[in-house]
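Below: one structure, written as structure tokens.
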Amino acid sequence: MTGLDLMPYLNLADPAFSTRGPEVSAARDQSWCARTPYGLAVLRWREVGEILRDRRFRQGSHNWTDTNGLTGSFARFWKDSIIGIEGDAHQRLRELVISALHEDYVLSLKSTFEDIAECLCTELRTRTTCEFQQDFAVPFAGQAITTLLGMDRSDWPRISHDASELGLAMGVECKSHEPIINAAYERLLELSDELIGKVRSGKDSDSYVARLVARFEKNGGSSELELLDLVVISIFGGVDTTRSLLGLGLSLFIDHPGQWRILRSKPETSLNAVDEMIRARPATTWVTREATEDIAFNDTIIPRGTVLHLLVHASARDPSIGADGAFDITAVRKKHFGFGGGAHHCIGHLVARTDIAAALRALAATFKTVAYDSPATWLPDSGNTSAIRLPIKYEVSI
């Protein structure tokens, strides 16, 4: 057996640390995992896939609030949410959401997502510069989620502001934002109550919330708070993922202009481009599992309670699966783990892929060329990351 103390060390807690950095590649060459302040970091594709499928490991993010000393309303919500619970309770909630987000329903929203993107691009066509996050990524993500929630598109600022502030909870500097995070959760809880009330009063029968409420009441949900929290987690996941990946993805295309030309000439590559963006610049830089018992894995004893962070970029770019460092939206590659896997595979992955691909097609039809207008600013490249500001300049397509 190999002792954990012989593994390389990566300081995931350092705000300056990047999960895409050379020290991560060096650690992956040395070992399948590394020690970190948060537990272990799993670096190779095969081991990440096996751990995600192994029922001896549970979802590990449930203890993120304790690890970082978060308390109050958000901490309660996170531990009790569909992300934080396991077993029959988790499966029951998961089946409710999967049913409400049936593929036919999600794909029926494609034209609406395309219309949202086109309306935003119509404004961008009147200029040659913008701050991409505030002028496109944030309003697009906000309006996309209002579509699911049965709200007017004009209500998107309320959604986006609170979802973005809630997203600070997933970063390595979350403790410093604790009052903001708790307040954002409480406002989203109030909004969820409004939306559910709208369904029950007969004013909404078609939205995702309406579908969720119908299934919840038919299958005997355990509490009203459970239903409210399902709506909150759906808002959070839907806004944060789309907003973050759009900025991260556009930065990749700026750095690889040949790939932008491919996207413009072959818009059908947009869906594959979303997955390639996640492999190259994931918004969620790791997914987390926790050992529920002492586990012998890969000639190593992993003690019960050990938290393992499964690094998305390192595993997706693992040379053992023939991966290279190229950003290529036409490449056929092994699956990535940006949406997790196993019992906690992201339920909203089809929504994210569908709305982001619609946004990419509209942007590719709008920007003939695109470049940085001034340096971008970013959240730390660990935990959940995103552009804070992404100033761009572009040549508009005729």
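The values are calculated or read from the model by the stated rules, or taken from the named source; none is laboratory data. Everything numeric here is computed off the predicted structure, so don't read it as measured data. Note that we place each Cβ from the backbone using ideal geometry, even for glycine, and neighbour counts take in every protein chain shown.
Quick notes on this structure:
- Scanning the range 37-53 for residues that are at pLDDT below 95 and part of a strand (DSSP E or B) yields one hit, Gly39.
- Residues that are assigned to a loop (DSSP other than H, G, I, E, B) and closer than 22 Å to Ser386 by Cα, drawn from the range 1-36: Leu10, Asn11, Leu12, Ala13, Asp14, Pro15, Ala16, Phe17, Ser18, Thr19, Arg20, Gly21
- Some residue of the range 205-212 being under 20 Å from the mean Cα position of the chain (by Cα) and either surrounded by fewer than 19 Cβ atoms within 10 Å (Cβ to Cβ) or free of Cβ contacts under 8 Å to residues at least 60 places away in the same chain (or both): no
- Of all the criteria given as (1) within 24 Å of Ile254 (Cα to Cα); (2) free of Cβ contacts under 8 Å to residues at least 24 places away in the same chain; (3) more than 24 Å from the chain's Cα centre (by Cα), the one not satisfied by Lys393 is (2).
- Test for Thr354: is it at pLDDT 95 or above, surrounded by fewer than 19 Cβ atoms within 10 Å (Cβ to Cβ) and either in contact with a Ser or Thr (Cβ under 6 Å, 6 or more places away or on another chain) or among the hydroxyl-bearing types (Ser, Thr, Tyr) (or both): no
- Any hit, the range 303-324, residues being surrounded by fewer than 20 Cβ atoms within 10 Å (Cβ to Cβ), of a type in the set (D, E, K, R) and in contact (Cβ under 8 Å) with a residue 40 or more places away in the chain: no
Per-residue answers, yes or no, for (1) more than 21 Å from the chain's Cα centre (by Cα); (2) among the β-branched types (Val, Ile, Thr); (3) under 30 Å from Phe17 (Cβ atoms):
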| site | (1), (2), (3) |
| --- | --- |
| Trp45 | no, no, yes |
| Gly60 | no, no, yes |
| Ala75 | no, no, yes |
| Asp88 | yes, no, no |
| Leu101 | no, no, no |
| Ser111 | yes, no, no |
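- Residue within the range 320-338 that is over 22 Å from the mean Cα position of the chain (by Cα) and of a type in the set (D, E, K, R) present: yes
- From Thr292, Thr284, Thr330, Thr288, residue being over 18 Å from Ile392 (Cβ atoms), of a type in the set (Ser, Thr, Tyr) and out of contact with any strand residue (DSSP E or B) (no Cβ under 9 Å at 6 or more places or on another chain): Thr330
- Condition check for Gly87: over 14 Å from Trp286 (Cα atoms) and either modelled with pLDDT of 95 or more or not hydroxyl-bearing (Ser, Thr, Tyr) (or both): yes
- The set of residues in the range 24-53 that are touching a residue at least 12 places away in the same chain (Cβ under 8 Å), more than 15 Å from Val312 (Cα to Cα) and of a type outside the set (S, T, N, Q) comprises Ala26, Arg35, Pro37, Tyr38, Gly39, Arg53.
- Every listed requirement among (1) surrounded by fewer than 16 Cβ atoms within 10 Å (Cβ to Cβ); (2) among the charged types (D, E, K, R); (3) farther than 18 Å from Tyr208 by Cα is met by Lys79 save one, (1).
- Selection count where residues are more than 18 Å from Thr67 (Cα to Cα), crowded, with 24+ Cβ neighbours inside 10 Å and modelled with pLDDT under 90, scope the range 160-197: 2
Residue-by-condition table, conditions (1) basic (Lys, Arg); (2) free of Cβ contacts under 8 Å to residues at least 40 places away in the same chain; (3) assigned to a helix (DSSP H, G or I):
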site: Leu70; (1), (2), (3): no, no, no
site: Trp78; (1), (2), (3): no, no, yes
site: Ile85; (1), (2), (3): no, yes, no
site: His161; (1), (2), (3): no, yes, yes
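- When Arg55 is tested against (1) under 14 Å from Glu290 (Cβ atoms); (2) in contact with a strand residue (DSSP E or B) (Cβ under 9 Å, 6 or more places away or on another chain), only condition (2) is not met.
Rundown of residues vs (1) touching a Phe, Trp or Tyr at 6+ places or on another chain (Cβ under 7 Å); (2) under 13 Å from Leu93 (Cα atoms); (3) in a helix (DSSP H, G or I), yes/no style:
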| position | (1), (2), (3) |
| --- | --- |
| Ser222 | no, yes, no |
| Glu226 | no, yes, yes |
| Ile235 | no, no, yes |
| Arg264 | no, no, yes |
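- Qualifying residue in the range 373-386 (condition: surrounded by 20 or more Cβ atoms within 10 Å (Cβ to Cβ), polar (S, T, N, Q) and part of a strand (DSSP E or B)): yes
- In the range 137-152, residue surrounded by the most Cβ atoms within 10 Å (Cβ to Cβ) [restricted to those that are of a type outside the set (A, V, I, L, M) and part of a helix (DSSP H, G or I)]: Phe140
- Of all residues making up the range 217-244, the number that are in contact (Cβ under 8 Å) with a residue 40 or more places away in the chain and charged (D, E, K, R): 4
Results for (1) within 26 Å of Ser251 (Cα to Cα); (2) among the hydroxyl-bearing types (Ser, Thr, Tyr); (3) in a helix (DSSP H, G or I), shown as yes or no for each residue.
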residue: Thr126; (1), (2), (3): yes, yes, no
residue: Ser164; (1), (2), (3): yes, yes, yes
residue: Gly202; (1), (2), (3): no, no, no
residue: Ala210; (1), (2), (3): no, no, yes
